[in-house]
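What follows is a short report on a single structure.
The values are calculated or read from the model by the stated rules, or taken from the named source; none is laboratory data. The structure presented is a predicted model; accordingly, all values stated were derived computationally and were not measured. Here the Cβ is made from the backbone with ideal geometry for all residues, glycine too, and neighbour counts use every protein chain on show. When the accessible area is computed, the model is the full protein with side chains, heavy atoms only, and any ligands, DNA or RNA have been set aside. Shrake-Rupley method; radii C 1.70, N 1.55, O 1.52, S 1.80 Å.
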Amino acid sequence: MNVAQVPLVDYLRLGEGEPHLVVHECQGCGARYFDRRNACARCTGDAFERAPVAREGVVVSFSIVSVAPPGLEVPFVAVMVDCGGTLVKGNLRGTAPEIDNVRLGLPVRLTTYSLGVDPTGAEGVGFAFVPADAGERDV
Ligand SMILES: [Zn+2]
């Protein structure tokens, strides 16, 4: 059975080559936004085009989260990743959420994971980052 995949966020693209993120890029100054804008906050331009975000990056900030609302499994590692100049917020998976496993400058790459399948057979798909040397093991 072929399962329809539904990305968790609009800026996660599935089924167009490798899963990747896309931004709205200002044609006036190159500023990048994940959400749709009527005007650029940097230059006030109003022309945007979709642009892909690099699938690889480095951790520029992180926090090991140990308190979260009910239903969220803790601890987990929230990261800010510089993907070729585009900052992306996400979580680090594929490694235990311990201070010895994450550091500033850690090379990471984008990955996707299943959020589950609904009664219609549609699978929700989220994105995260894994250490670049994590291989293809499940995250
Ligand atoms: Zn701009």
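Could you tell me which of the residues LEU21, LEU104, LEU110, LEU87 is in contact with a strand residue (DSSP E or B) (Cβ under 7 Å, 6 or more places away or on another chain), open to solvent by 60 Å² or more (accessible area, probe 1.4 Å) and part of a strand (DSSP E or B)? Result: LEU87 is the single residue among LEU21, LEU104, LEU110, LEU87 that is in contact with a strand residue (DSSP E or B) (Cβ under 7 Å, 6 or more places away or on another chain), open to solvent by 60 Å² or more (accessible area, probe 1.4 Å) and part of a strand (DSSP E or B). On the stretch given as the stretch 30-84, residues that are within 16 Å of the ligand (Cβ to nearest atom) and open to solvent by less than 70 Å² (accessible area, probe 1.4 Å) total 11. Among ALA47, ALA96, ALA54, ALA31, which is the only one that is free of Cβ contacts under 8 Å to residues at least 24 places away in the same chain and either touching a helix residue (DSSP H, G or I) at 6+ places or on another chain (Cβ under 9 Å) or under 23 Å from ASP133 (Cβ atoms) (or both)? Selected residue: ALA96, the only one of ALA47, ALA96, ALA54, ALA31 that is free of Cβ contacts under 8 Å to residues at least 24 places away in the same chain and either touching a helix residue (DSSP H, G or I) at 6+ places or on another chain (Cβ under 9 Å) or under 23 Å from ASP133 (Cβ atoms) (or both). Looking across the stretch 18-28, the residues that are in contact (Cβ under 8 Å) with a residue 40 or more places away in the chain and closer than 12 Å to VAL88 by Cβ come down to HIS20, LEU21, VAL23. Taking the criterion of being surrounded by fewer than 17 Cβ atoms within 10 Å (Cβ to Cβ) and of a type in the set (A, V, I, L, M), the residues of the stretch 1-18 that qualify are MET1, VAL3, ALA4, VAL6, LEU8, VAL9, LEU14.
For PHE48, are the conditions met, namely being more than 19 Å from the chain's Cα centre (by Cα) and of a type in the set (Phe, Trp, Tyr)? Criteria met by PHE48.
For the stretch 2-18, a residue qualifies if it is within 11 Å of the chain's Cα centre (by Cα), in a strand (DSSP E or B) and of a type in the set (A, V, I, L, M, F, W, C), and exactly one does: LEU12.
For the stretch 92-101, indicate whether the set of residues that are more than 16 Å from the ligand (Cβ to nearest atom), modelled with pLDDT of 95 or more and either outside the structural domain of GLY126 (by TED's automatic domain parsing) or assigned to a strand (DSSP E or B) (or both) is non-empty. The answer is yes, given that some residue of the stretch 92-101 is more than 16 Å from the ligand (Cβ to nearest atom), modelled with pLDDT of 95 or more and either outside the structural domain of GLY126 (by TED's automatic domain parsing) or assigned to a strand (DSSP E or B) (or both).
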